[in-house]
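One structure below.
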Amino acid sequence: MASTENTELSEQEIAFQARIDRGEKIEPKDWMPDAYRRSLIRQIGQHAHSEIVGQLPEGNWITRAPTLERKANLLAKVQDEAGHGLYLYCAAETLGITRDEMFEMLHNGKMKYSSIFNYPTLTWADMGAVGWLVDGAAIMNQVPLQRTSYGPYARAMVRICKEESFHQRQGFHIMMTMSNGSGEQKRMAQDALNRFWYPALMMFGPSDKDSVHSAQSMAWKIKMNSNDELRQKFVDETVPQAEYLGLTIPDDQLSLDSDTGHYRFSEPDWEEFHQVINGNGPCNEERLNARIKAWDDGAWVREGMMAHANKRSAKKQVAVG
Ligand code: 3HC
């Protein structure tokens, strides 16, 4: 969709779209349409929130990891997610919103985070399923975002993707160990797959016909692929992995279409998706309360840091004066 076809665009907007079409990066001090700025803040902010809310379901299992090695891996993964949140909050801040404003919007429900983190992690096998499927879905979406048009976002994605691929592998390794373990362990792995399959498919967002932002975001290269394209790619790559594990994808309709080479699969329950993104999923309240508590409990740290920073800058001013 070339927005240059729209005769109502100003010359500045036409020149901006031409830069995007040529594959140039837009940097923080460059002129950009307000709607481009707002859409990036929405998407990067939601992405940042997803990273830090995503720490909660896995943080829940750090103390109960079955071995020291598994514990060290999970701890590192959960810390990585905090780092991803930081890169993304920094990228969003370059667009003129403050971190405090973004947190306020997370806490009052005006900004979303990924639906997936509103599901509970009930057993250790869920650590495998989350790494394998959730980080696997995240990579599918985020690798193309390394080429997104906004420079700070694209650059943040490079490191995030490297780390997410380690996360995906550690999850798959847990699934492999459990699938090859005792009958009970294999049942736990299957149960985790059963519970996380459709929520993982929902991570890609509503089907293309119901996606509100895709057309404009793709024209601006804020998004590189449509929701359905990435969902299909994820299914195509994940089904053979499940077969390798000896596990069954919980979908009676799943079949390989020999004409297209793609798997046919059942759509997730979109009513459930809308309930979850509107605050009514199984863990929405718990997740949000945990974030609000962390924010409130950390107030003294922020105040201390700000007092220190203010004192340093006052000293500098005296020295300069
Ligand atoms: N969870 C929550 N909200 C979702 C969603 C999901 N899985 N999918 C879509 N939505 C929301 C959208 O934000 C939008 O709501 P809004 O207008 O209030 O913002 C609405 O549903 C309509 O959806 P659209 O398809 O029109 O929205 P987008 O064009 O923004 O597409 C997206 C949604 C594909 C998630 C896109 O925003 C995107 O690619 N975001 C960047 C990646 C991201 O945020 N990933 C989070 C994954 S979790 C993660 O990375 C953590 C890691 O540790 C695993």
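Here are the numbers:
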{"read-out": "Residue within the range 52-59 that is touching a Lys or Arg at 6+ places or on another chain (Cβ under 9 Å), farther than 27 Å from Thr98 by Cβ and not in a loop (DSSP other than H, G, I, E, B) present", "value": "yes"}
{"read-out": "Residue in the range 302-314 that is more than 28 Å from Val143 (Cα to Cα) and assigned to a loop (DSSP other than H, G, I, E, B) present", "value": "no"}
{"read-out": "Glu51 touching a His at 6+ places or on another chain (Cβ under 7 Å) and not polar (S, T, N, Q)", "value": "yes"}
{"read-out": "Some residue of the range 203-215 being β-branched (Val, Ile, Thr), within 15 Å of the ligand (Cβ to nearest atom) and open to solvent by less than 30 Å² (accessible area, probe 1.4 Å)", "value": "no"}
{"read-out": "Residue within the range 303-314 that is in contact (Cβ under 8 Å) with a residue 60 or more places away in the chain and not aromatic (Phe, Trp, Tyr) present", "value": "no"}
{"read-out": "Filtered residue count, the range 120-161, keeping only those that are in contact with a Phe, Trp or Tyr (Cβ under 8 Å, 6 or more places away or on another chain) and charged (D, E, K, R)", "value": "2"}
{"read-out": "Criterion: small (Gly, Ala, Ser) and within 14 Å of the chain's Cα centre (by Cα) - qualifying residue of Gly109, Gly136, Gly128, Gly151", "value": "Gly136"}
{"read-out": "Residues satisfying the stated conditions in the range 172-184, i.e. without any contact (Cβ under 8 Å) to a residue 60 or more places away in the chain and open to solvent by less than 30 Å² (accessible area, probe 1.4 Å)", "value": "Met178"}
{"read-out": "Yes/no for Ala192 being open to solvent by less than 10 Å² (accessible area, probe 1.4 Å) and assigned to a helix (DSSP H, G or I)", "value": "yes"}
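The values are calculated or read from the model by the stated rules, or taken from the named source; none is laboratory data. Treat the numbers as computed from the prediction; the structure is a model and nothing was measured. Cβ coordinates were reconstructed from backbone atoms using ideal geometry, including for glycine residues, and neighbour counts include every protein chain displayed. For the accessible areas, the whole protein counts, side chains as well, though only heavy atoms, and no ligand, DNA or RNA atoms are used. Shrake-Rupley method; radii C 1.70, N 1.55, O 1.52, S 1.80 Å.
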